[in-house]
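In what follows, a single structure is set out as structure tokens and then discussed.
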Amino acid sequence: MLIPVVIGVTLITFTIAYVIPADPARAWAGQKAPPEVVEQIREKYHLNDPLYVQYYYYISGLVRGDWGYSHSEHRPVLDCLMDYFPATFELTIWAMAIAIPVGIYLGVVSAVKRNKIPDHLSRIFALSGVSMPIFWLGLLLILIFYTYLGWFPASGRGITPSHTYTGLYILDSILSLDFQSLASDIWHIILPAVTLSYATLAVMTRMTRSSMLEVLRLDYIKTARAKGLPDKIVIYRHALRNALIPTLTVAGLAFAGLLGGAVLTETIFSWPGMGRYAYHAISTLDFPAIMGVTFLMAVIFVIANLIVDIMYAYLDPRIKLGE
Amino acid sequence: MSDVLLKVEDLHTYFYTYEGVVKAVDGVSFDIRKGEIFGLVGETGCGKSVTALSIIGLIDEPGRIVSGKIIYKGKNLLELSEEERRKIRGKEISMIFQEPMTALNPVYTIGDQIVELLLLHEEGIANIKRAPKELKEEKKKKAIEMLKLVRMPDPERTIDSYPHELSGGMRQRAMISMMLATKPSLLIADEPTTALDVTVQAQILNILLDMKEKLGISILLITHDLSVIAEVTDRVGVMYAGNIVEIADTYALFDNPRHPYTVGLLQAIPSVTEKKEELKYIRGSVPNLIYPPSGCRFHPRCDYMMPICKKEKPKLVEIEPGHYVACHLFGGE
């Protein structure tokens, strides 16, 4: 399943990029470039060849690690992605690390205390999360925690760690035992991570609540209680493990959603990530960059769903891999 | 006669819903003796299961036990704290349910689910993950013994199976062996055979009889199926719309039913030996328990209705030794 999906994605991004009624050669050459230069660019990048030939060049480039040349950055796309992707990945991981446990916990509390005050509070919280636009929340948080309170910074990734191993600043800070940058990086990531996580957190809460309510009605929960097990064990061992199965699906999809949502968050918090790069690429018609970003996101999406599938088999013995 | 294990006295369990108060159990009294199988029979929605859940203490919101007593071994269970009741559940009083397909947790093996119960009540370890390995192995051996006791085929393998790998009958056996693993005094079986094939039904009933003999437990068997009652119970209570209308020895009940509702139920069983023109049934339908009929709840459907039946609720009176009926026809006055 993995490979056909990835191939499909390359086909679609490639086609869409080329049906857009814009002339990349002219865009790269500049408004005032003489027609010969534009024609030269066309020749150089095979823009005059039939579409399938161009596609062939594109795919063989992808495989060879040549993802094209990013005109907005004046360097290869892959180099740009290597720089920007870790920033986005780090932000997304932190957003997930907030959204999943907190969302599941709130969902459980909400389901267990159904129609009581904790349930109402968590539902209001979740509803505001799904209905509040990310840019608005981001601005609100900046206004409160940066402008008024001055607790958190509003832009950038913080101090660059003394050694770079992975490009993930927090991990690198720990690896290079650079505690000054560690503190600064954590301090910088909090606001954007919270902003990015909120919508997902809300979805996780709602999903967990509804699947917990579903599971709590079932006979095996009655059995667990008839065994005399304490409520905590009934809820977390017997109900939650079953309720997590649908929640997990959402988490997998949410991961991809977060990568997409990162475009806005990164723009608001001047986070030097892939989202901001994609935004610049789109506004400058930097097609290789757009395609590179899309392709990378698709691959990550597929991998995230693969992980979800593996987790399913772990959570639910009825699902066997390879059947 | 004095060997009463559990005594239910004037139990009222109501459900407070948006539509109104559902009086699901409205003044039920009966007792269960040591080592007997007591059957509770009635149509769907007559309050049998609610009675059972009240005894084990699993009535959920919006339900509440409003009044009455449930006296188990001399203690009124309704006066105990939730924590004390929890310690009785699964150890002293156990329960099995109608749907063996859904009554076992799909994500844990049969063995894990039995071991969990043994660890909880024998060692006081609620979280199976915190138990030492040797202890788990020891309990697992005990669980295999229990599976053998209920004649589970290939218990050594079944113990590591997940519920979905077993048939309905095998799951019900696993359920029974689990709920009896702690050697409780009372097993509540709520329609344990309803969801099973007839041949499997007989096997499960035989296992229940067997367990009664071998372990000396009492069983409260809830069913709507009179043939099940006839087959295994020692005494029977007939429930109608939240009330008990008749209690008698099983033989006496089938031989000489007194309450018009019981008579109707027994007549509704199709017979192979006598070909009837038409199947007999009780006219009307089960009343709404939010606004139950006044007086005797059966009066709108009763062929022997008298004016008093609309006004006054009949009391359960002993008309013969051990045979109780709640009907104005047998008022004694």
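Taken together, the values in this text are just the output of simple stated rules run on the coordinates, not laboratory data. As the structure is a prediction and not an experimental result, all values here were calculated from the model. Please note: Cβ atoms are built from the backbone with ideal geometry, for glycine as well, and neighbour counts cover all protein chains shown.
Give the lysines reachable from B:K133 as a straight Cα distance under 28 Å; neighbours fewer than 8 places away on the same chain don't count. Once the sequence-local lysines are set aside, what remains near B:K133 is A:K222, A:K227, A:K232, A:K320, B:K87, B:K91, B:K141, B:K142, B:K148, B:K183. As a proxy for reagent exposure, B:H164, B:H299, A:H74 were ordered by neighbouring Cβ count within 10 angstrom, fewest first; the result is A:H74, B:H164, B:H299.
Dividing the summed helix terms, -39500 (n - 2.57) for each DSSP H run of n ≥ 4, by the number of residues in chain B produces a 222 nm estimate of -9000 deg cm²/dmol to the nearest 500.
Normalised radius of gyration for chain B, please: alpha carbon Rg relative to 2.2 N^0.38 Å, two decimal places.
Values: Rg = 20.9 Å, N = 333, 2.2 N^0.38 = 20.0 Å.
Output field value: 1.05.
Karplus-derived 3J(HN,Hα) values for region A:112-121, using 6.51 cos²θ - 1.76 cosθ + 1.60 with θ = phi - 60°, are 5, 9, 3, 6, 10, 4, x, 5, 4, 4 Hz; glycine and proline are entered as x. The H on the amide N of B:L5, modeled in the peptide plane, is under 5 Å from the matching H of B:I32, B:R33, B:K34, each at least 5 residues off or on a different chain. Close amide H pairs (under 5 Å, H built 1.01 Å from N) link B:L40 with B:L221, B:I222, B:T223, B:G237, residues at least 5 positions away or on another chain.
Could you list B:V317, B:V245 so that the one with the fewest beta carbons within 10 Å of its beta carbon is first and the one with the most is last?
Details: B:V317 13, B:V245 26.
Ranking B:V317, B:V245 by Cβ neighbours within 10 Å, fewest first, gives B:V317, B:V245.
Over region B:97-183, the Kirkwood radius and the radius of gyration, each from Cα atoms, give a ratio Rg/Rh of 0.94. When Rg and the Kirkwood Rh are both derived from Cα coordinates, the Rg/Rh ratio for region B:251-317 amounts to 1.03. At 222 nm, what value in deg cm²/dmol follows for chain A if DSSP H runs of at least 4 each add -39500 (n - 2.57) and the sum is divided by all its residues, to the nearest 500? Taken over chain A, the calculation gives -24000 deg cm²/dmol.
Database remark: amide H of B:S161 closer than 5 angstrom to the amide H of B:I110, B:G111 (H placed geometrically; neighbours at sequence offset of 5 or more, or on other chains; Pro and chain starts carry no H).
Shown for the protein assembly as shown is the translational diffusion coefficient from the Stokes-Einstein equation, using the Kirkwood radius over Cα pairs, a temperature of 4 °C and a viscosity of 1.567 mPa s: 43 µm²/s.
Taking each pair of distinct Cα atoms in region B:173-276 once, what is the resulting Kirkwood hydrodynamic radius in Å? Spell out each step's value before the answer.
Values: mean 1/r = 0.0665 Å⁻¹.
Hydrodynamic radius (Kirkwood, Cα pairs) of region B:173-276 is 15.0 Å.
Of all DSSP-defined beta bridges confined to chain B, some 60% are antiparallel rather than parallel.
Here B:K315 is the anchor, and the lysines within straight C-alpha reach of less than 22 Å, apart from those fewer than 8 places off in the same chain, are B:K7, B:K23, B:K48, B:K69.
Considering only A:Y146, A:Y84, A:Y198, the mean-square fluctuation computed in a Gaussian network model of chain A, springs between alpha carbons under 10 angstrom, is largest for A:Y146.
Using every pair of distinct Cα positions in region A:252-323, the Kirkwood expression returns a hydrodynamic radius of 13.8 angstrom. Applying the Karplus relation 6.51 cos²θ - 1.76 cosθ + 1.60 with θ = phi - 60° to region A:85-100 yields 3J(HN,Hα) values of 4, x, 5, 5, 4, 4, 4, 5, 4, 5, 5, 5, 5, 7, 5, 5 Hz, where x marks Gly and Pro. Listing B:I93, B:I144 from fewest to most neighbouring C-beta atoms within 10 Å gives B:I144, B:I93.
Peptide A:215-222: average number of partner chain Cβ atoms within 10 Å per residue?
Details: counts 1, 1, 1, 5, 10, 11, 3, 9.
Per-residue shielding by partner chains comes out at 5.
In terms of its Cα atoms, chain A spans 83, 54, 38 Å along the principal axes, sorted from long to short.
Where nothing but the Cβ of Lys and Arg (+1) and of Asp and Glu (-1) is charged, how large is the charge dipole of the protein assembly as shown around its Cα centre, in debye to the nearest 20? Each step should come with its number before you reach the end.
On the way: 65 positive and 69 negative charges, 229 e Å.
Value, rounded to 20: 1100 debye.
For region B:1-142, a simple Cβ point-charge model (Lys and Arg +1, Asp and Glu -1, everything else neutral) yields a dipole of about 520 debye relative to the Cα centre. From zero outward in steps of 10 Å, how is the percent of C-alpha pairs of region A:2-66 spread across the bins? Cα pair-distance distribution for region A:2-66, in percent: 19, 45, 27, 7, 1.
Note on chain A: GNM, Cα springs under 10 Å; of A:D119, A:D66, A:D231, the largest mean-square fluctuation is that of A:D231. Rounded to the nearest whole Hz, the Karplus-based 3J(HN,Hα) values (6.51 cos²θ - 1.76 cosθ + 1.60, θ = phi - 60°) of region B:20-30 follow the sequence x, 8, 8, 8, 5, 10, 10, x, 9, 9, 6, with x at glycine and proline.
Just checking the listed ones, A:S211, A:S110, A:S128: in the Gaussian network model of chain A with Cα springs under 10 Å, the one fluctuating most is A:S128. Axis angle, to the nearest 10 degrees, between helix B:198-215 and the longest C-alpha principal axis of chain B: 80 degrees. The alpha-carbon positions of region B:17-170 define a convex hull whose volume is 166 Å³ per residue. Have a look at A:I221, A:W136, A:A87 and report the one farthest towards the positive end of the charge dipole of region A:77-315, computed about the Cα centre with Cβ charges (Lys/Arg +1, Asp/Glu -1). Final value for the positive-end residue is A:I221. With q set to 0.09, 0.21 Å⁻¹, the log10 of I(q)/I(0) for region A:162-283, from the Debye formula over equal scatterers at the Cα positions, is -0.44, -1.09. A quarter of the convex hull surface defined by the alpha-carbon atoms of region A:111-231 gives 11.3 nm² as the mean projection.
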